[in-house]
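Structure record follows, encoded as structure tokens.
The values are calculated or read from the model by the stated rules, or taken from the named source; none is laboratory data. None of the values given here were measured: they were computed from a predicted structure. Neighbour counts run over all protein chains shown; Cβ positions are idealised from the backbone, glycine included. Please note that ligands, DNA and RNA were not included when accessible areas were found on the heavy atoms of the full protein model with its side chains. Shrake-Rupley method; radii C 1.70, N 1.55, O 1.52, S 1.80 Å.
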Amino acid sequence: MVNVTASENHIEVRELRLSYGVKEVIHGISFDIRRNEILGVIGPAQSGKTSLLRCLNRTIDFTPDTHVSGTITVDGEDVRRVRNVYALRRKIGMVAPLPVGLPLSIYDNVAFAPRSAGLNRKGELDLMVEQCLRQAALWDEVKDRLDSLGTKLSGGQQQRLTIARALSHQPEILCLDEFSIAIDPVTTMRIEDVLKELRRHMTIILVTNLTQQARRLADRTMFLWKGEIVELDTTNVIFSDKPRDSRTRDYVEGIFG
Amino acid sequence: MNSAAGHVLFVETPAVRRKLRQEALAKWVFCAMAAAMVVPLLLIVGYLVVRAAPSLNLEFLLEVPKRGMTEGGIWPALIGTIYLVFISLAVSAPIGILAAIYLNEYARDNWFNRVINLAVINLAGVPSIVHALFGLGAFVYAAKFGYSIISASLTLAIMTLPVIIASTREALASVPQSFREACWNVGATRWQTIKSVVLPNSISGILTGVILQVSRAAGETAPVMFTGVVFFKSIERGDLFPYYLNEQCMALSMHLYTISTQVPGVKESIPYATAVVLLALVVMVNAAAISLRVYLRSRQKW
Amino acid sequence: MQCGPPNAPCGRWGGEKILEALVYLCGFSAIIFVLGIFVFVFKEALPVLTNENFSLSQFLFSSDWYPTSESNKRYGVFAMIAGTVSVTGLAMVIAVPFGLGAAIYLSEFCGQKTRETLKIVIEFLAAVPSVVWGFIGLTVMSKLIVQYTGAPVGVNVLNGGIILALMSVPIIVSISEDALKAVPDSYREAAIALGVTRWQLVWRVLLPAAKQGLLAAVLLGVGRGVGETMAVLMATGHAVHIPHSVLDSVRTLTANIAAELGEAPAGSDHYRVLFLTGVLLFTITFGVNLIADTIVRGIRRK
């Protein structure tokens, strides 16, 4: 199923430009993401972090009046030329900033993606739902009430439900977009533990507004500012005393941004 | 007022009293204006019911008109109205709902879709008599359906269409965008998203909008009077299937017009009773729509 | 790209494509219908425009309406235009203040419960079929008018105006209420903090701020009034002449079509002139609704 290319890069982005109408928000950025690493993406609001993720799984297509140029390849394939865009999106799990429990039962929330993909056998679905909820550290809390509505869960539970849903289509890449802004620190730490577990078999892109979160989790960290990459290096370097760009140090130390 | 010096600031002065009086006056004036629309309506409805009382019974509903429509009941008109309403909504509801899905879920903001929006708004504003002219020209003559239930129902369908589109769009738009994005993110197609998340959560609003059109279609006269509704048609008492679709039929609204303006010597209470039946129909339909809305809102899932 | 999980269909489900095609088709239908209405109504009217006995200026500016005369047929609808203008104008004079007052009461003064109740009543007011309004005009209102004004006949401009006012109040109320709601609460708070009474608040702050929306409400009311058929047909009498007082009977453009279309032989000049009247109505309401919608849209965007 995975056509492993010679390169160990899982995702390659080359000269990516994105504009909404006449306003360009990403100005030709290039970088690689290695297989099974956690890439932290930090940067202030409006720096193009979310837009970048939306280009990756092509949900940018749903926003009218956008123009994308450059290439993004996943496993050596250009995502903008992909014909089965639904399969592409299933390959990439996406967790949005605000938890979104769909107005379906907890079970149906997790089973939604496999069902959309045509998996309908009850036994397999049951197994899949349990596995995903366990991976998202939610199973013990909800196993007795899988029929109740996903929207009635607490914020932190809904966010883990969202993660379970993102895992349900067995993605190879997991993107988390500021997943912790709506949940408390304790739950955040639980989810961070989950992520450490998951990195063994998937590539994770962690967009975060908490620089310390990137420091705790990421192997490499990218500082994105106003649609340009200020610096991309191992997390140790970025958070050290001597990053190459002084803006990086200022940002991670909270001096600006 | 023998309070401490600190309270002197808040003691009523003549100016303050005047302001308070003004305040109260404002409230009563506007209340009276609202009441000026509501009270006459209730009085009029009460008057109609009182005048209609001698004829208001089950027999009146089931009986056919007799003696040149001066006596008897309204059965052929009642059943004709039911035919027209159901056929017209069976046509306009699916088209309207799908059109609203297009406009709300698929359409991008470009000039073409702006033209469509404009067309919907314009369609909603077309006078009913112009719909009648269109029905006559298009369905009766051009499509050769003749004066028939089909022509009349199609005319009504086009008339109700824009309102169904508008109410369905409103219902669809009330489903949060984040639900759609969540579905797209896991690789669901647009249609899968609509089918499993958008429609189930907007169906109450959609249904309410369609139900409200029942009363509108039942009450319209002008669009059907030149396309397929006649003054009088002889059918059996209580017959449930008296009409073929390529025939003309009677309708309540037209019947009320006929017996109150065209037929001399009608028994006094009959037109009143016909009007009351029409009103009762409208009240029932609206009540049904409102209770459906309240019930489904109580079960809202987010 | 290879397919994702096992068992995933590579392409999309075939039925889905058909459904989406249907959604697109229905989405475009509104344009088709609007064009259809214009084309069919205009097509029926067209031959008379090229007829040498007919002149457009006579049609618009002469009040001689003798469509069935043997020797000297004349088709001037000016009297009907005057009828429409007078009835609609009077209706607006009554409906605008009351509708506005009611909207102000609803949005600024009354409690939650009263508001819900009033809204249901107003919704009901909007749902009463026009033929029932016509019947009310013909029976209840005309008696009252004869009794209190001493007019020889009760069906006249005043009657039609009152009925039409009651019919257009709901739309004026609902759009005005939207407009008032769109005024930011910060304006209200700022004004109240300055110690003004609510009367002053309404007069000095809300009305100026909601000006555009109120204009749109009035325009939509006008659109409704111009297009209304059955109620004015039954409540305004049938005299084709320019009214000199509110107690004169008149005939409106819509009522003229409704009253004569049944008797005009298909294809005759008379028939085509009635269609031409339809084109005129279509154009007027199109313009009015378009302007009103542009305004409403502007407010929503804010």
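Of the candidates A:LEU56, A:LEU16, the single residue that is within 14 Å of chain C (Cβ to nearest Cβ) and under 24 Å from A:GLU228 (Cβ atoms) is A:LEU56. The one condition from (1) assigned to a helix (DSSP H, G or I); (2) surrounded by fewer than 19 Cβ atoms within 10 Å (Cβ to Cβ); (3) more than 7 Å from chain C (Cβ to nearest Cβ) that B:GLU105 does not meet is (2). Considering only segment A:161-180, I want to know if a residue exists there that is open to solvent by 30 Å² or more (accessible area, probe 1.4 Å) and of a type in the set (S, T, N, Q). Yes, segment A:161-180 contains a residue that is open to solvent by 30 Å² or more (accessible area, probe 1.4 Å) and of a type in the set (S, T, N, Q).
Give the residue, chosen from B:VAL130, B:VAL115, that is modelled with pLDDT of 85 or more and either closer than 30 Å to B:VAL266 by Cα or surrounded by fewer than 21 Cβ atoms within 10 Å (Cβ to Cβ) (or both).
On inspection, the qualifying residue turns out to be B:VAL115.
C:LEU180 meets the conditions (1) within 10 Å of chain B (Cβ to nearest Cβ); (2) in contact with an Asp or Glu (Cβ under 8 Å, 6 or more places away or on another chain); (3) farther than 19 Å from C:THR252 by Cα in every case but one. The failed one is (1). Only a single criterion out of (1) within 30 Å of B:ILE206 (Cα to Cα); (2) touching a residue at least 40 places away in the same chain (Cβ under 8 Å); (3) surrounded by 20 or more Cβ atoms within 10 Å (Cβ to Cβ); (4) not polar (S, T, N, Q) is not satisfied by B:ILE87, namely (3).
Within segment C:128-135, identify whether any single residue is open to solvent by 30 Å² or more (accessible area, probe 1.4 Å) and either free of Cβ contacts under 8 Å to residues at least 60 places away in the same chain or hydrophobic (A, V, I, L, M, F, W, C) (or both), and answer yes or no. No, segment C:128-135 contains no residue that is open to solvent by 30 Å² or more (accessible area, probe 1.4 Å) and either free of Cβ contacts under 8 Å to residues at least 60 places away in the same chain or hydrophobic (A, V, I, L, M, F, W, C) (or both). Within segment A:151-160, being open to solvent by 20 Å² or more (accessible area, probe 1.4 Å) and more than 14 Å from chain B (Cβ to nearest Cβ) holds for one residue alone: A:GLN157.
Taking (1) touching a residue at least 24 places away in the same chain (Cβ under 8 Å); (2) of a type in the set (Gly, Ala, Ser); (3) open to solvent by 10 Å² or more (accessible area, probe 1.4 Å) in turn, B:SER291 satisfies each apart from (1).
Just give me the residues in segment A:136-150 being without any contact (Cβ under 8 Å) to a residue 24 or more places away in the chain and either exposed (fewer than 13 other Cβ atoms within 10 Å of the Cβ) or assigned to a loop (DSSP other than H, G, I, E, B) (or both), in sequence order. Reasoning before the result, please.
Going through segment A:136-150, the residues without any contact (Cβ under 8 Å) to a residue 24 or more places away in the chain turn out to be A:139-141, A:143-144.
Correct list: A:ASP140, A:LYS143, A:ASP144.
Screening the candidates B:ARG21, B:ARG51 for the property of being at pLDDT below 85 and open to solvent by 50 Å² or more (accessible area, probe 1.4 Å) yields one hit, B:ARG21.
Would a scan of segment C:153-161 turn up a residue that is open to solvent by 50 Å² or more (accessible area, probe 1.4 Å) and assigned to a helix (DSSP H, G or I)? I'd like the intermediate steps shown before the answer.
Our first condition is that a residue be open to solvent by 50 Å² or more (accessible area, probe 1.4 Å); within segment C:153-161, this holds for C:153.
Remaining after also requiring assigned to a helix (DSSP H, G or I): none.
No, every residue in segment C:153-161 fails to be open to solvent by 50 Å² or more (accessible area, probe 1.4 Å) and assigned to a helix (DSSP H, G or I).
Restricting A:LEU39, A:LEU52, A:LEU119, A:LEU98 to those that are outside any helix (DSSP H, G or I), closer than 30 Å to A:ILE238 by Cα, open to solvent by 10 Å² or more (accessible area, probe 1.4 Å) and not small (Gly, Ala, Ser) reduces the list to A:LEU98. Check off (1) within 30 Å of the chain's Cα centre (by Cα); (2) at pLDDT below 85; (3) of a type in the set (S, T, N, Q) for C:THR50 and give me the number that stays unchecked. In the conditions (1) within 30 Å of the chain's Cα centre (by Cα); (2) at pLDDT below 85; (3) of a type in the set (S, T, N, Q), C:THR50 misses (1) alone. Each residue in segment C:184-211 was checked for being open to solvent by 60 Å² or more (accessible area, probe 1.4 Å), aliphatic (A, V, I, L, M) and under 18 Å from B:PHE30 (Cβ atoms), and 1 of them qualify.
Residue check: is C:LEU280 open to solvent by 30 Å² or more (accessible area, probe 1.4 Å) and modelled with pLDDT of 85 or more? Please lay out each step first, then the result.
Values: open to solvent by 30 Å² or more (accessible area, probe 1.4 Å): yes; modelled with pLDDT of 85 or more: yes.
Taking the combined requirement at face value, the residue satisfies it.
For segment C:93-101, the count of residues that are in contact (Cβ under 8 Å) with a residue 12 or more places away in the chain, more than 12 Å from every other protein chain (Cβ to nearest Cβ) and hydrophobic (A, V, I, L, M, F, W, C) is nonzero. In segment A:187-230, of all residues being of a type outside the set (S, T, N, Q), within 17 Å of A:GLY43 (Cβ to Cβ) and surrounded by fewer than 19 Cβ atoms within 10 Å (Cβ to Cβ), the one that is modelled with the lowest pLDDT corresponds to A:LEU210.
Note on segment C:192-265: enclosed helices (runs of 4 or more DSSP H) holding 2 or more residues that are more than 9 Å from every other protein chain (Cβ to nearest Cβ), farther than 19 Å from C:LEU90 by Cβ and touching a residue at least 40 places away in the same chain (Cβ under 8 Å) are C:211-227. Sub-6 Å Cβ pairs linking a first residue in segment B:138-161 that is facing chain C (nearest Cβ under 10 Å) to a second residue that is buried (at least 24 other Cβ atoms within 10 Å of the Cβ) and among the charged types (D, E, K, R), at least 6 apart or interchain, number zero. Among the residues making up segment B:176-230, a single one is away from chain C (no Cβ under 14 Å) and not in a helix (DSSP H, G or I): B:PRO176.
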